[in-house]
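Trainee: The structure follows.
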Amino acid sequence: MQELFPLAAGAVIGLFVQRLRSTNLKVAVFVVLCIIFGVLGSFISGELEESWGFISVDMALVWLGALVAIGLVAAWRRRSSLLR
């Protein structure tokens with residue numbers, strides 16, 4: 001249950017990053033937001049009290065959620081352009 005926040009935050013980040021124009025800006029915002037929300041996810045779940053090692057796990061979950069969202073949006077856009 002504690003992994004839902006990082007995955008959902010990653011999905012929102014992935015959807016948000018799609019709206020930016022510049023590729024360099026997309027990458028920078030993607031990295032910064034994944035780090036911030038990974039740390040925030042560890043803090044919210046209380047895992048930081050046990051070990052700082054949980055930050056890397058939560059950051060990976062945020063990255064995974066974001067990459068899945070980006071991939072789904074790209075597939076949806078490709079499919080919709082083929083159907084036109």
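Any read-out appearing in this document is the output of simple, stated calculations on the displayed coordinates, not a laboratory observation. Remember, it's a predicted structure, so these values are computed and weren't measured experimentally. Here Cβ is always computed from backbone atoms with ideal geometry, including for glycine, and neighbour counts include all displayed protein chains.
Trainee: Based solely on its DSSP helices, what 222 nm [θ] is calculated for the chain when runs of n ≥ 4 H residues each add -39,500 (n - 2.57) and the sum is averaged over all residues, nearest 500 deg cm²/dmol?
Mentor: -28000 deg cm²/dmol
Trainee: Arrange the following residues from fewest to most other Cβ atoms within 10 Å of their Cβ: I55, I35.
Mentor: In order of increasing Cβ crowding within 10 Å: I35, I55.
Trainee: Can you run phi through the Karplus equation (6.51, -1.76, 1.60; θ = phi - 60°) for segment 65-79 and list ³J(HN,Hα) in whole Hz, with x for Gly and Pro?
Mentor: x, 5, 5, 5, 4, 5, x, 5, 5, 5, 5, 5, 5, 5, 5
Trainee: Tell me, what ³J(HN,Hα) does each residue in segment 15-24 have, in order and in whole Hz, if you take phi through Karplus 6.51 cos²θ - 1.76 cosθ + 1.60 with θ = phi - 60° and put x for Gly and Pro?
Mentor: With coefficients 6.51, -1.76 and 1.60, one gets 5, 5, 5, 4, 7, 7, 8, 6, 5, 5 Hz.
Trainee: ³J(HN,Hα) across segment 39-56 via Karplus (A = 6.51, B = -1.76, C = 1.60, θ = phi - 60°), whole Hz, x for Gly/Pro?
Mentor: Values, residue by residue: 5, 5, x, 5, 5, 5, 6, x, 6, 5, 5, 7, 6, 6, x, 6, 4, 5 Hz.
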